[in-house]
Amino acid sequence: MKIARIETFLAPPRWMFVRVETDEGVVGWGEPVVEGRAEPVRAAVEVLAEHLVGQDPLRIEDHWQVMTKGGFYRGGPVLSSAVAGLDQALWDIKGKAYGQPVHQLLGGPVRERIRAYAWVGGDEPSEVRDAVSAQVEAGFTAVKMNAVGRMTPLATREEVRACLVRAETAREVLGDERDFALDFHGRVSPANARRLLPLLAEYAPLFVEEPVLSEHMHAVPDLVNASNIPIALGERLFTRREFLAPLEAGVAVVQPDISHAGGISELRRIAALAEMYGAHIAPHCPLGPVALAASLQVAFTTPNFLIQEQSIGIHYNKDAELLDYVADREPFRFVGGSLLRTERPGLGVDIDEAAVRAADAKGHAWRNPVWRYEDGSFAEW
């Protein structure tokens, strides 16, 4: 069996799919994208395809080595995301070729279901209350929300209070038996993070995500020691080497993205590294159906898995939803806030190819917002 053709498709709201076809008719799907930078990732996939076309798709590790190390210049979000999507597609082909789900090829499952959380929005406490209540009624046992909006480098008392009210509101709705996580989204300066973490402790978040930007990794040890709230980060890290410093600093949860951090092959190595430090993995995944399906395959076989992000109903999804691109929605049916293990071959997702091709005909050029402070200077989104 040889790889015969590789195609990419831009699909609203902000995703990209890759289709890898073999000369025996076995097709694998992947999701290579950097949100807001889909076009350069598409170009990177085309360059990497020069190596893959005509090759045996089952030699996944060899292809991963060549794609990540075969160029003199290595790494970065664009290349890592291109590799990630192609790696997903190759695992999908391998599973289909052997008639097995990918989690069986990775050593077999260690759990029967995957706990997931739902995103909630709302800048006002009343909106948070309604949004969290809706997810509880939908059966979810955990939610995540942004902790703050635009925050000045040294926050006012009003800004601090707004963050605390969000956490307090979520805890009131959820009670003690359910969880919520707070995403600082890199919007919070190290000084603000040191101030907020101890104040949030009484609301017992499951974790606080990305308390500072990745370039401020030197601040992480102090934040880990600032309160008893577990610290999570990693959506903007792309290799196991980049996860070593935060793990040594004591982060409790790592959040690699299977569409950014080298795909299934690298995600499982990052998980194994985290296990050595007693840390858990909560894969970042505000993306489409292939990325979620691939994340689940790793989660089913990973002992130190914690919880799965998923984008159904997320506020980014405009013009299309995750389920719009699947022919069979059953693998994404939630039972008590969890996704159940299936034995479907490959990634276990049945992509609606006609819908994907129709979406690509329309395309998208999604860009993240650019925020500014009142004085006109740049603010982190």
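The values are calculated or read from the model by the stated rules, or taken from the named source; none is laboratory data. This is a predicted model, so every value here is computed, not measured. Glycine gets a Cβ as well: all are built from the backbone with ideal geometry, and neighbour counts include every protein chain shown. Quick note on the areas: whole protein, heavy atoms, side chains included, nothing else; ligands and nucleic acids left out. Shrake-Rupley method; radii C 1.70, N 1.55, O 1.52, S 1.80 Å.
Summary table below
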{"read-out": "Under 13 Å from the Cα of LYS69 - aspartates and glutamates, other chains or at least 8 residues apart", "value": "GLU61"}
{"read-out": "All lysines inside 18 Å of LYS2 as judged from Cα atoms, apart from same-chain residues fewer than 8 positions distant", "value": "LYS94, LYS96"}
{"read-out": "Accessible area of region 72-183 belonging to carbon and sulfur atoms, whole % at 1.4 Å probe", "value": "49 percent"}
{"read-out": "The chain: calculated mean residue ellipticity at 222 nm from DSSP helix runs of at least 4, using -39500 (n - 2.57)", "value": "-11500 deg cm²/dmol"}
{"read-out": "ALA118 long-range amide H proximity, modeled H, under 5 Å", "value": "ALA142, VAL143, LYS144"}
{"read-out": "³J(HN,Hα), Karplus 6.51/-1.76/1.60, whole Hz, each residue of region 198-209, x for Gly, Pro", "value": "x, 6, 7, 4, 5, 8, 6, x, 4, 6, 10, 9"}
{"read-out": "Pair THR156, LYS69: separation of 7 Å Cα→Cβ label points (nm)", "value": "5.4 nm"}
{"read-out": "Share of carbon and sulfur in the accessible heavy-atom surface of region 225-278 [1.4 Å probe, %]", "value": "50 percent"}
{"read-out": "20 Å binning of all Cα-Cα separations within the chain, expressed as whole percents from 0 upward", "value": "29, 59, 12, 0"}
{"read-out": "Angle in degrees between helix 157-174 and the longest Cα principal axis of the chain, rounded to the nearest 10", "value": "70 degrees"}
{"read-out": "Cα shape, region 160-199, gyration tensor, a/c 1.5 rule", "value": "prolate"}
{"read-out": "Theoretical FRET efficiency, 1/(1+(r/R0)^6), r = Cβ-Cβ of LEU164 and ALA245, R0 41 Å, to 0.05", "value": "0.85"}
{"read-out": "SER126/GLN100 FRET efficiency (R0 51 Å; Cβ-Cβ; nearest 0.05)", "value": "0.55"}
{"read-out": "Residue-normalised accessible area of the chain, given per residue in Å² at a 1.4 Å probe", "value": "40 Å²"}
{"read-out": "Set of lysines with alpha-carbon distance to LYS362 below 27 Å, sequence-local pairs under 8 removed", "value": "LYS318"}
{"read-out": "Region 311-374 shape via C-alpha gyration tensor axes, a/c threshold 1.5", "value": "oblate"}
